[in-house]
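A short worksheet on the structure shown next.
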Amino acid sequence: MTIKKRLSHVDQEGRVKMVDTSAKAVTVRRAIASARVLMSPETIKAVREHRTPKGDPLETARLAGIMAAKRTAELIPLCHPLPLTHIDVRAEISDTGVSIEAEAATQAQTGVEMEALTAASIAALTVYDMCKAIDKAMTITDVRLELKTGGKSGEYSRQQKKGKEEK
């Protein structure tokens with residue numbers, strides 16, 4: 001068997017393709033992704049004291065993440081457009097910067113991991129944009145899937161995987 005036949009998003013001629021999900025069952029699917037924006041103590045203080053030049057970076061990032069999740073299929077070529085039933089983005093100030101968590105849910109034939117990851121990524125980029133006048137050295141890091149439920153492949157949890165590796 002050639003590699004081309006085993007790849008789900010590649011046709012027999014080696015061209016990328018969108019997978020046909022019409023035969024897959026519609027199931028409830030949920031995903032949570034996270035990201036971090038590391039910043040200087042001065043920037044953290046400015047965010048806490050609501051002294052950032054462009055306004056509230058946390059609320060703006062939250063809204064940007066929600067909007068981004070709804071546009072994921074327009075941004076990532078092989079993603080299916082999904083009827084999202086829930087999107088939530090949380091952004092909190094920590095001692096090292098801003099922690100972001102994005103959650104997406106749907107009832108569909110394919111998962112919402114990319115929507116959650118897109119929401120977390122765009123929320124982090126928005127925090128950067130809102131604070132860059134103060135701190136251009138910020139670092140966006142740890143963009144990752146935390147949890148995924150539903151579908152044929154079942155559940156994935158970063159915490160459960162981490163726990164299994166520690167044993």
Check whether at least one residue in region 48-59 is modelled with pLDDT under 95 and surrounded by 12 or more Cβ atoms within 10 Å (Cβ to Cβ), and report yes or no. no
Within region 80-112, how many residues are farther than 20 Å from His50 by Cα and open to solvent by 50 Å² or more (accessible area, probe 1.4 Å)? 7
Let me spell it out: the conditions are (1) out of contact with any strand residue (DSSP E or B) (no Cβ under 9 Å at 6 or more places or on another chain); (2) under 15 Å from Ala35 (Cα atoms), and Met130 meets all of them except one. Which number is the exception? (2)
Restricting region 22-57 to residues that are polar (S, T, N, Q) and closer than 26 Å to Arg158 by Cα, which is farthest from the chain's Cα centre (by Cα)? Thr27
Could you check how many residues of region 10-47 are assigned to a loop (DSSP other than H, G, I, E, B), open to solvent by 90 Å² or more (accessible area, probe 1.4 Å) and of a type in the set (Asp, Glu)? 2
Condition met for Gly154 (in contact with a strand residue (DSSP E or B) (Cβ under 8 Å, 6 or more places away or on another chain), in a loop (DSSP other than H, G, I, E, B), open to solvent by less than 30 Å² (accessible area, probe 1.4 Å) and not polar (S, T, N, Q)): no
Quick check: anything in region 121-133 at pLDDT 95 or above, open to solvent by 70 Å² or more (accessible area, probe 1.4 Å) and assigned to a helix (DSSP H, G or I)? yes
What do you reckon, is Ala104 under 25 Å from Tyr128 (Cα atoms) and part of a helix (DSSP H, G or I)? no
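The values are calculated or read from the model by the stated rules, or taken from the named source; none is laboratory data. Fair warning: this is a prediction, and the values are worked out from it, not measured in the lab. Cβ: placed from backbone, ideal geometry, glycine included. Neighbour counts: every protein chain shown. Accessible surface is based on the protein model in full, side chains and every heavy atom, while ligands, DNA and RNA are left aside. Shrake-Rupley method; radii C 1.70, N 1.55, O 1.52, S 1.80 Å.
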